[in-house]
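Worksheet: one structure, shown below.
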Amino acid sequence: MAERPTAALGWVDEVVVRSMLVLEPAGDPGRARDMSAYMRDRFPFIGIPTPRRRGLLAESWGDLPEPSPEELAAATGQLWRLAGREYQYAACDLLGRFLGTPRRAQRFGPGFLTSAVLPLLTSKAWWDTVDSLRAVAVGPLVAAHPGLVATMRAWVEDDDPWLVRSAVIHQLGYGRATDEALLLELCARRADDREFFVAKAIGWALRTHARHRPDAVRQFCDEHPELTPLARREALKHL
């Protein structure tokens, strides 16, 4: 096992410092402007393409030992607060490295979802980070801790559209292990929601499930006339 960082820097500070040292010099102001424009100028960017960012961080973090849940939560929180959208992406990369599968998620416990991931979902929120957090944290944690289904049912009724989206899409990536009844229940609860990112999420979740169960998705669409045109179109796109 790799040794822990020096006494001068704890695990959390080590992660943040290493991340800044490799990302800041790699920035490209011209690319940063283009990346920010693509995201409707909601966030400043450093200007680093995704493959480059992931490569730099993977090399920089290569000898880090496994963190405690408290360390991982603190490090992702600190990265999230930094200016530069790449730091929010780095936080997602960090979660993917140490938590991003149901097996790894077991050691973090169900409480990690609300204590550490929820603040990220509701801060600097947009589709890019919300969808990334689904893949590296929300989905794995719910798969590892089935009791968190109750949290998904609560989130789908929330006023925050990003929590609704997170609940609807949390099973993406489950494949044939998808709980169909739960998926259809969550989609039905917001079937008439015209918020773009919610309707898009419903269509995405249904379209993905249709790869394995096309008849179930067709039946759902037939039985829910209140389903928004956007969600219906997305759900039936390949059927």
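The values are calculated or read from the model by the stated rules, or taken from the named source; none is laboratory data. Keep in mind the model is a prediction, meaning the values are calculated, not measured. Counting neighbours? That spans all protein chains shown, and the Cβs are built from the backbone with ideal geometry, glycine included. When the accessible area is computed, the model is the full protein with side chains, heavy atoms only, and any ligands, DNA or RNA have been set aside. Shrake-Rupley method; radii C 1.70, N 1.55, O 1.52, S 1.80 Å.
Before moving on, here are some points about what is shown:
- Pairs are defined by a Cβ separation below 8 Å, a sequence spacing of at least 6 or placement on different chains, a first member in the range 16-30 that is in contact (Cβ under 8 Å) with a residue 40 or more places away in the chain and surrounded by 15 or more Cβ atoms within 10 Å (Cβ to Cβ), and a second member that is in a helix (DSSP H, G or I) and among the hydroxyl-bearing types (Ser, Thr, Tyr); the pairs so defined are Arg18/Ser60; Ser19/Ser60; Ser19/Tyr87; Leu23/Tyr87.
- Any hit, the range 67-75, residues being surrounded by fewer than 19 Cβ atoms within 10 Å (Cβ to Cβ), of a type in the set (S, T, N, Q) and either closer than 24 Å to Arg134 by Cβ or under 20 Å from the mean Cα position of the chain (by Cα) (or both): yes
Okay, residues lined up against (1) β-branched (Val, Ile, Thr); (2) closer than 20 Å to Leu148 by Cα:
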{"position": "Ala74", "(1), (2)": "no, no"}
{"position": "Gly84", "(1), (2)": "no, no"}
{"position": "Thr114", "(1), (2)": "yes, yes"}
{"position": "Pro119", "(1), (2)": "no, yes"}
{"position": "Ala125", "(1), (2)": "no, no"}
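- Only one of the numbered conditions (1) touching a residue at least 24 places away in the same chain (Cβ under 8 Å); (2) of a type in the set (D, E, K, R); (3) over 28 Å from Arg97 (Cβ atoms) is not met by Asp131, and that is (3).
- Scan the range 138-160 for residues that are open to solvent by 10 Å² or more (accessible area, probe 1.4 Å), assigned to a loop (DSSP other than H, G, I, E, B) and either farther than 15 Å from Phe112 by Cβ or of a type in the set (Gly, Ala, Ser) (or both) and the total you get is 4.
- Which numbered condition Asp93 misses (of (1) under 19 Å from the mean Cα position of the chain (by Cα); (2) farther than 20 Å from Ser123 by Cα; (3) among the acidic types (Asp, Glu)): (2)
- Hits in the range 50-76 - residues which are among the charged types (D, E, K, R) and part of a helix (DSSP H, G or I): Arg52, Arg53, Arg54, Glu59, Glu70, Glu71
- Residue pairs meeting the criteria (Cβ under 6 Å; at least 6 apart or on separate chains; first under 19 Å from Arg218 (Cβ atoms), in the range 171-187; second open to solvent by 50 Å² or more (accessible area, probe 1.4 Å) and outside any helix (DSSP H, G or I)): Arg176/His212
Residue-by-condition table, conditions (1) hydrophobic (A, V, I, L, M, F, W, C); (2) within 26 Å of Leu57 (Cβ to Cβ):
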{"site": "Ala105", "(1), (2)": "yes, yes"}
{"site": "Leu113", "(1), (2)": "yes, yes"}
{"site": "Leu118", "(1), (2)": "yes, yes"}
{"site": "Lys124", "(1), (2)": "no, yes"}
{"site": "Ala150", "(1), (2)": "yes, no"}
{"site": "Gly173", "(1), (2)": "no, yes"}
{"site": "Val198", "(1), (2)": "yes, no"}
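Results for (1) assigned to a helix (DSSP H, G or I); (2) of a type in the set (Gly, Ala, Ser); (3) in contact with a helix residue (DSSP H, G or I) (Cβ under 8 Å, 6 or more places away or on another chain), shown as yes or no for each residue.
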position: Val16; (1), (2), (3): yes, no, yes
position: Arg31; (1), (2), (3): yes, no, no
position: Phe43; (1), (2), (3): no, no, yes
position: Gln78; (1), (2), (3): yes, no, yes
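- Sole residue being within 30 Å of Ser60 (Cα to Cα), in a helix (DSSP H, G or I) and not aromatic (Phe, Trp, Tyr), chosen from Leu133, Leu163: Leu133
- Condition check for Leu239: at pLDDT below 95 and either of a type in the set (A, V, I, L, M) or on the phi > 0 side of the Ramachandran plot (or both): yes
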